[in-house]
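*Asks:* If you scroll down you'll find the structure; I have some questions about it.
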Amino acid sequence: MKDTPLSNCERDFLLKAIEEKKRLDGRQTYDYRKIKISFGTDYGCCFVDLGQTRVMAQVSCELVAPKENRPNEGIMFFNIELSPMASPGFEQGRQSELSVKLNRQLERCLRNSKCIDTESLCVVSGEKVWQIRVDVHTLNNDGNLMDAASIAAITALCHFRRPDVSTQGQEVTVYSPEERDPIPLSIYHMPISVSFAFFQQGTYLLVDPCEREERVMDGLLVIAMNKHREICSIQSSGGIMLLKEQVMRCSKIAGVKVSEITELISEALLNDRKARKAGGKCGFAESMPQERITALKKDETPVEMTDVTETANGIIQKGEAAPQTVPSPVVPVPGVGQVGQGLQNSWGLEDDDEDDYEEEKNDNSGDEQVEEVTKMDVGEGDVVEISDSEEEEVVILNPEVPEKPKNTGSKSYQKGAAASKKRQKK
């Protein structure tokens, strides 16, 4: 199923608003949407809300054989799943061009930047290493999936804890969390991607485009950077030509945004660590009463309720008194009625009563005529058949025979009697 395309009016409206440096949600040109980070019950489960865009990342691990060319390094695997729940344009069980593009960008951002120490994931050289798998699921799509996925993936990796292991010769023992505390991953830095949308062949620039802005943009520039202002990856799509000054300007903006997001991630991890250490509620136990699980949860608007009573009384006193309503008399003329306070609606009631009365009268007259016909026919000696149907009474009458003179009738009667006597003698 494909998304509904934008009409020409919507496209012109968006482009005109961007030219006037206005956005649909009221943000400025370089503003990010509100970011919320929450964690699940298990380690390595992270939810990220970027405005209405909602993404979940889950990290898992298992012991596998290492690659032949790198026997001392662990394996990192990333997967982004675009669910039809996020958008009707995504198809289940089929990789689209967008999913392949997002997977490559995420691998380039996290794996190629060497943000994780893969050598620390080796258990037995050439035999057993840890394979870290990061699955990113899109729960709702409102634009800029790449930024939300990168924030969720790096936050889930920082939050993840792998089981502790011990080796004795060729034997490898994996301990449960009850036996030994799990061990966090060794992460050097946190690369975060920032997306820039260009309009009118690079004339106008927006940060964190929403879904509608992505439909009308001419090109997209994604810069992955850490808080030390080190560019981890950069990619441009859309076929537009960017100048050196534009790329440098975007890199400066990305450095500011990445430092802010990194502080937000560190604060969220610290709060979760304190809550787990204190034995408080965390994960879904805390998310359910606060309604964080729903994708389209909206914040309540604060309303000042201190002087509501005084304000209401002042409005009542200043207002004019309501005029007294005097009920008008009911006009009892057929076809005329009145609707008012304390009065019943009489429109058309009298006409209906007259119609019902005429219908009953016609029915009664019809029944009387049928009874008279049956009585007259029975009295004359004709055959009458009356059905016993419960639904309606059906009367079947023989066709009328024209009357004959009395003399001819007596002669025919005598002939019929003589013929009957002959039959009896035989």
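The values are calculated or read from the model by the stated rules, or taken from the named source; none is laboratory data. Keep in mind the model is a prediction, meaning the values are calculated, not measured. Here the Cβ positions follow ideal geometry from the backbone for every residue, glycine too, while neighbour counts run over all protein chains shown. Side chains are part of the model used for accessible areas, which takes the heavy atoms of the whole protein and leaves out ligands, DNA and RNA. Shrake-Rupley method; radii C 1.70, N 1.55, O 1.52, S 1.80 Å.
*Asks:* Residue under question is Ser150, and the condition is that it be part of a strand (DSSP E or B) and not acidic (Asp, Glu); does it hold?
*Replies:* no
*Asks:* Just for region 38-53: of the residues that are at pLDDT 90 or above and among the β-branched types (Val, Ile, Thr), which one is farthest from Ile192 (Cα to Cα)?
*Replies:* Thr53
*Asks:* OK, next. Would you be able to tell me the number of residues in region 114-158 that are closer than 30 Å to Ala197 by Cβ and either in contact with a strand residue (DSSP E or B) (Cβ under 8 Å, 6 or more places away or on another chain) or acidic (Asp, Glu) (or both)?
*Replies:* Result for region 114-158: 27.
*Asks:* So which pairs qualify, if the first residue must be in region 172-185 and under 21 Å from Ala65 (Cβ atoms), the second must be open to solvent by 50 Å² or more (accessible area, probe 1.4 Å), the Cβ gap must be under 6 Å, and the two must be at least 6 apart or on different chains?
*Replies:* Val172/Lys128
*Asks:* For region 147-183, how many residues are within 25 Å of Met56 (Cβ to Cβ) and among the acidic types (Asp, Glu)?
*Replies:* Of the residues in region 147-183, 1 are within 25 Å of Met56 (Cβ to Cβ) and among the acidic types (Asp, Glu).
*Asks:* Evaluate the following for Ala65: is it under 29 Å from Pro182 (Cα atoms) and at pLDDT 85 or above?
*Replies:* Judged against the criteria, Ala65 is a match.
*Asks:* If you don't mind, another one. Given the condition assigned to a strand (DSSP E or B), out of contact with any His (no Cβ under 6 Å at 6 or more places or on another chain), charged (D, E, K, R) and touching a residue at least 12 places away in the same chain (Cβ under 8 Å), answer yes or no: does some residue in region 75-87 qualify?
*Replies:* Checking region 75-87: not a single residue is assigned to a strand (DSSP E or B), out of contact with any His (no Cβ under 6 Å at 6 or more places or on another chain), charged (D, E, K, R) and touching a residue at least 12 places away in the same chain (Cβ under 8 Å).
*Asks:* So which residues in region 176-202 are open to solvent by less than 30 Å² (accessible area, probe 1.4 Å) and not in a loop (DSSP other than H, G, I, E, B), if there are any at all?
*Replies:* Ile192, Ser193, Val194, Ser195, Phe196, Ala197, Phe198, Phe199
*Asks:* Spot the failing condition for Thr155; the list is (1) polar (S, T, N, Q); (2) assigned to a strand (DSSP E or B); (3) surrounded by 13 or more Cβ atoms within 10 Å (Cβ to Cβ), and only one is missed.
*Replies:* Result: Thr155 fails condition (2) only.
*Asks:* Going by what's in this entry, would Ala254 be described as modelled with pLDDT of 75 or more and either in contact with a Leu (Cβ under 9 Å, 6 or more places away or on another chain) or assigned to a helix (DSSP H, G or I) (or both)?
*Replies:* Spelling it out, Ala254 is indeed modelled with pLDDT of 75 or more and either in contact with a Leu (Cβ under 9 Å, 6 or more places away or on another chain) or assigned to a helix (DSSP H, G or I) (or both).
*Asks:* When the residues of region 203-237 are narrowed to those that are open to solvent by less than 60 Å² (accessible area, probe 1.4 Å) and assigned to a loop (DSSP other than H, G, I, E, B), which ends up nearest to Asp12 (Cα to Cα)?
*Replies:* Among residues in region 203-237 that are open to solvent by less than 60 Å² (accessible area, probe 1.4 Å) and assigned to a loop (DSSP other than H, G, I, E, B), the one nearest to Asp12 (Cα to Cα) is Met217.
*Asks:* Right, another one. List the number of the failed condition for Thr167; all other conditions in (1) in a strand (DSSP E or B); (2) closer than 18 Å to Leu106 by Cα; (3) open to solvent by 20 Å² or more (accessible area, probe 1.4 Å) hold.
*Replies:* Only one criterion is unmet by Thr167, namely (2).
*Asks:* Another question about this same structure. Residues of region 104-119 being closer than 13 Å to Gln235 by Cα and either open to solvent by less than 10 Å² (accessible area, probe 1.4 Å) or under 25 Å from the mean Cα position of the chain (by Cα) (or both), which ones?
*Replies:* Leu106, Cys109
*Asks:* Residue by residue through region 24-37, note down the ones that are in contact with a Leu (Cβ under 7 Å, 6 or more places away or on another chain) and modelled with pLDDT under 90.
*Replies:* Thr29
*Asks:* Quick one: count up the residues across region 122-143 that are at pLDDT below 90 and either open to solvent by less than 10 Å² (accessible area, probe 1.4 Å) or in a helix (DSSP H, G or I) (or both).
*Replies:* Going through region 122-143 one residue at a time, the tally reaches 1.
*Asks:* Does Ile240 meet the test of being within 20 Å of Leu145 (Cβ to Cβ) and β-branched (Val, Ile, Thr)?
*Replies:* no
*Asks:* Can you work out which of the residues in region 197-236 that are farther than 23 Å from Glu263 by Cβ and of a type in the set (Gly, Ala, Ser) is modelled with the lowest pLDDT?
*Replies:* Going through the qualifying residues, I end up with Gly202.
*Asks:* In this structure, is Leu242 open to solvent by less than 50 Å² (accessible area, probe 1.4 Å), aliphatic (A, V, I, L, M), in contact with a strand residue (DSSP E or B) (Cβ under 9 Å, 6 or more places away or on another chain) and at pLDDT 90 or above?
*Replies:* No; evaluated as a whole, the condition is false for this residue.
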